[in-house]
Every structure is written in C-alpha cells, then in structure tokens.
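> So that we are looking at the same thing, I have put the structure below in structure tokens.
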Amino acid sequence: MSAAGTLLARELRLVFARGGGPLLALGFFACVAAVLPLAVGPAPGKLALVAQGAAWTALALSMLLGLDRLFEPDLDDGALDLLALGPLPLAFVGAIKCLAQWLVNGAPLALAAPIVEVALGGPPRAAPMMLAAGALGSLAFAFVGGTGAALVVAARRGGLLIAVIVIPLIVPPVIFGGVAIDAYASGQPWAPALALLGAYALAAVALSPLAMGAACRNALG
Amino acid sequence: MISALVNPLRFMAFSRWAAPALGALAAALIVVGIALGAAAPPDYQQGETVRIMFVHVPAAWTAMFAYAALGSASFVFLVFRVALADAAARAAAPLGAGFTLMALITGSLWGRPMWGAWWVWDARLTSVLVLFLLFVGYLALRAAIEEEQRAARAGAILALVGLVNLPVIKFSVDWWNTLHQGESIFRAGGPTIAAVYLWPLFVMGAGFLAAFGALWLVRIRAEVWRRRAAGLALQAAADA
C-alpha cells in the first residue's frame, strides 16, 4: 500500500475514532435545521422562502465543525513531526487530511442537504442541485477550512478562531452554490454557477495544500 | 529604494523625516480637499449628502490599498525573510481595519437618507464588509499565537491566502449582486461624475493615502522600538 493510501486510511479511521465520523457534522446540520423554524416561525410559506439558503448555509457551517481536530491532535502527540519526516511532503499530508474530511463529513452532508431542504419546505425539484452543490461546495469548504485549521494550530486551542478566519474566505463558494441552487429551483440557467463552484473547488484543492504545508512547517518549526 | 530600506537602521533614519513629512502632506491635502468639498454645489439628486462621498470613497480606496500593503509586506516577509516586512504587515492591519470600518460607517450614514436603509446587501458594501472580516481574522490569528515568529509566519500565510482570494471574493459578490437585483438603484458613479466633485474626491483620496502612509511609518517605527525594547528586556533578564 502506498504511503498516500496508508495515510488516507489512517485519516479516515481517525475521523471516525475522534468525533464519531460523520455523525457530529450531521447532527449539527440537523440541529441547525431544526432550530431555524423555531426562529423564523412555522408558517410554511415563510420557511419555504429561506429553505434552500438555510440548508446551504447550515451545510457550510457544519463543514467547519471537525476542523479544530484536523491538525491539533497530530501536533500534540507528535504524529505531525513524524509525518513531516516521512516520505510525503507536508502539503500532500494536508491535502489527504482534507480529502478524508470531505469523504467523511462532506459527502454525508451533501446527501443530507436535499432532505433538510425539503424538510424545511423548499421545492423538491431543487434536491438534485442541493446534492451537486453540496458535494462540490463541501470539497471547497474542506480544503479552505483545512488551510484555516493548519494556520490556527500554532495558536493552541484556537477552536472558534478557525471559523473567524475561514468564513470570509469561503464567501465565493457560498455565493456560487447558493446561486446554482436558486437558479436550478426557479428554472433559470444554473450551469454557470455550478461551473464556477466547481472551478473554485478545484482551485482550492490545487492551491490550499501549499498554504497548509507552509502553516504546518511553521507550527512545527 | 525599497531594498535599501530593508535595513532597519536605514529605515529608521528614513522614516524619521518621511513620517512627519507625509503627515504634513496628508494634513494639507485633507484641508484643501475639505475646502473643495465644502465649496462643491449640492448634488441635484443627493443634495448635501453627496459630501459624505469625499470621506467615504477615499476611505474605501485606502482600505484596499492597506490590504495590498499587508499582502505585499507578508509576501516579502515569507519569501525573503525580512523582519522589517513583518513589522510593516503587522502595522498595516489595524490601520486597514480602521479605514475599512470608516468606509462602512460613512457608507451607512449616506445610505440612510439616500436608500432609506442603514444597510443594504449591495455588492460594494458586501465586499467591503468581507474585507473588514479578513482584517479582523488576520488580527485575531496574530493575537492568538503567543510566539512572535510563529504568529508572524502564520499571519503572513493568511494574508497571502486572503490576497489570492480577494479578487475572487470581489468577483463573486459583484456577480451575485447583479443576478439578484438590478443596477438601477445603485447608480454607478464612475465616469458620469462631474468634475466639480471629482477634484475634491481625488485630493481627499491622495490625502487619505498620505495619512495612511504616515501612520503606517509611525506604527512600523513603534514596532521596531517595541522589538528592541523586548530584546533589551530579555538581555537584562539574562544578565540579572
């Protein structure tokens, strides 16, 4: 098994061992969705207006949830030092961690997004786009979020600081995804927005490992 | 000139007179700008509130300039390991946040009579708000990391990530806004602006940039002194 494969398997096992796998993010997602009607009011017409946007925002926030456990435990127990000495560059290590984050949290959240959207009273015809935008968007959130997590790891116990750093950076994918979902639901051309979301996600996958590698070296240095 | 200033001693000698000179220039430009702005006739649509623009637009320009300064100083620090560049980045961030806040507040004061709302999700307002959040994130990250070298490098990486992201954020917010609402409410000023308003605007813009430059230099000087003091304190503690 290649080093990358071994590392990915380790990361996947760790996400399950440390936080119950996708359950934490899914639980948070469901809680936000359940609280929203309590705040907005139960009137179906009112809820339906915000359902897609609320589901999309809740998904973006749920992706931030596991980030504080992404690098910090590895720094604490010395695993990050070993990884830095290992055959893979730290940038690649960061990318694998984010990939695991996406597989464990992003994919289940993308699957849950249409359910949440419909449960809040949104139009069922938006469901396929919720899934597509959720899958692409969570990829972007995982990688940009991982960059924030790697930066904050130098500040011990930076938990909520990650959100403050990451949320301004994920404005573009939030917009692209929100527009794609809205356009798809209202029968307008949705392809440009989805293409932009995909482009952002791929750029994040390509570029953010560089920042993650530099940030990890800084935390270790 | 920039490469010569990498040397802290030369920088201190240069900024010793450059900071007050820039400050005097800023004061002169802003006084002239205010006089020109006060002399400008009320706009036929906006009335007297058009004068808010003479503070608001230069503040927004300066805020963007401050982020560019933060990003380029961070780049120089990360790539060339110049300690003074980190001092420059650290000094620019709170100033940038201040000018961004000034742009947001004056924009809000203008929006109330003109749009009938303190805040609307206009493209420019939103992207300036995100710019403010980027400054806040940078300051928060630096404040959270105790060890200075680490804080400096983490901050520099974040500033560069933000610099790469900023054009995309700007594009996405503009794009989002044009999809959601027509441009008719928010008339773009741009080239349709009359010369009588353009002059005070440019003079104030130059004045604000000079003020930023002066304050920036003063803050970098303070940072250099702070580091010297910290170094001396460490030495004194070691000797004792």
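> Out of segment B:18-82, which chymotrypsin sites (Phe, Trp or Tyr not before Pro) are coil in DSSP terms and have no more than 14 other C-beta atoms within 10 Å?
B:TYR44
> Equivalent ellipsoid semi-axes for segment B:30-156, as square roots of 5 times the alpha carbon gyration tensor eigenvalues: give them largest first, rounded to whole Å.
Details: eigenvalues 244, 53, 18 Å².
The three semi-axes for segment B:30-156 are 35, 16, 10 Å.
> Could you identify which residue out of B:SER72, B:SER172, B:SER127 has the top mean-square fluctuation in a GNM of chain B using Cα springs shorter than 10 Å?
Highest fluctuation among the options: B:SER172.
> Still on this structure: Please compute one quarter of the surface area of the Cα convex hull for segment B:1-96 and express it in square nanometres.
7.5 nm²
> Using only the Cα atoms of chain B, construct the convex hull and provide its projected area averaged over every direction, in square nanometres to one decimal.
Working: hull surface 60.4 nm².
Mean projected area of the Cα convex hull: 15.1 nm².
> Would you please report the Å³ per residue occupied by the convex hull of the alpha carbon atoms in chain A?
Cα convex hull per residue, to the nearest whole number: 109 Å³.
> Given the protein assembly as shown, report the % of alpha carbon pairs whose separation exceeds 43 Å. Display every interim value, and only then the final one.
Working: 23815 of 106030 pairs.
Everything past 43 Å amounts to 22 percent.
> Next question. Quick one: putting +1 on the C-beta of Lys and Arg, -1 on the C-beta of Asp and Glu, what dipole do you get for the protein assembly as shown around its Cα centre, in Debye to the nearest 20? Present the calculation step by step, with values, prior to reporting the outcome.
Working: 27 positive and 20 negative charges, 128 e Å.
Dipole size: approximately 620 debye.
> Could you work out how far helix A:90-101 tilts from the main Cα principal axis of chain A, as a 0 to 90 degree angle to the nearest 10?
Helix A:90-101 and the main axis of chain A meet at about 40 degrees.
> Let me ask something else. How many nm separate the modelled label positions at A:ALA3 and A:LEU23, each set 7 Å beyond the Cα in the direction of the Cβ?
Using points 7 Å along Cα→Cβ, the separation is 3.5 nm.
> Using a Förster distance of 51 angstrom, determine the FRET efficiency expected from the C-beta separation of B:ALA233 and B:ALA39, and round it to 0.05. Can you show the working numbers first?
Numbers: r = 53 Å, r/R0 = 1.04.
My answer for the efficiency is 0.45.
> Across 10 Å bins from the origin, how do the percents of Cα pairs in segment A:6-95 run, short distances first?
Calculated P(r), rounded to whole percents: 14, 36, 23, 16, 9, 2.
> Per residue and in Å³, how big is the convex hull formed by the alpha-carbon atoms of segment A:63-183?
102 Å³
> Next up: At A:ALA206 and B:ALA18, where each label point lies 7 Å from the Cα along Cα→Cβ, what is the point-to-point distance in nanometres?
Roughly 3.7 nm, to one decimal.
> Please list 3J(HN,Hα) in residue order for segment A:120-137, calculated via the Karplus relation 6.51 cos²θ - 1.76 cosθ + 1.60 where θ = phi - 60°; whole Hz, with x for glycine and proline.
Here the 3J(HN,Hα) series is 7, x, x, x, x, 5, 7, 4, x, 6, 4, 5, 5, 5, x, 5, 6, x Hz.
> Loop-only check: which chymotrypsin sites (Phe, Trp or Tyr not before Pro) in segment B:94-149 are DSSP coil with at most 13 other Cβ within 10 angstrom?
The qualifying sites are B:TRP118, B:TRP121.
> Taking R0 as 41 Å, what FRET efficiency do you get between A:LEU82 and A:ALA48 from their Cβ-Cβ distance, rounded to the nearest 0.05?
The pair A:LEU82/A:ALA48 has a calculated efficiency of 0.20.
> While we're looking at this one, here's another question. For peptide B:131-144, what's the mean number of Cβ atoms from other chains within 10 Å of each residue's Cβ?
4
> Can you pull out the GluC sites (Glu not before Pro) in segment B:130-178 that DSSP calls coil and that have at most 14 other Cβ atoms within 10 Å? Don't skip to the answer; put the middle values down first.
Values: sites: B:GLU146, B:GLU147, B:GLU148; in loops: B:GLU146, B:GLU147.
When the GluC sites (Glu not before Pro) of segment B:130-178 are filtered for loop state and at most 14 Cβ neighbours within 10 Å, B:GLU146, B:GLU147 remain.
> Still on this structure, please answer the following. Can you list the residues, at least 5 places off or on another chain, whose amide H is less than 5 Å from the amide H of A:TRP190, using H built in the peptide plane?
none
Read the figures in this text as sums done on the coordinates, not as results from a lab. Model, not experiment: these values are computed from the prediction. Ideal geometry is used to build each Cβ from the backbone, glycine not excepted, and the neighbour counts take in all protein chains shown.
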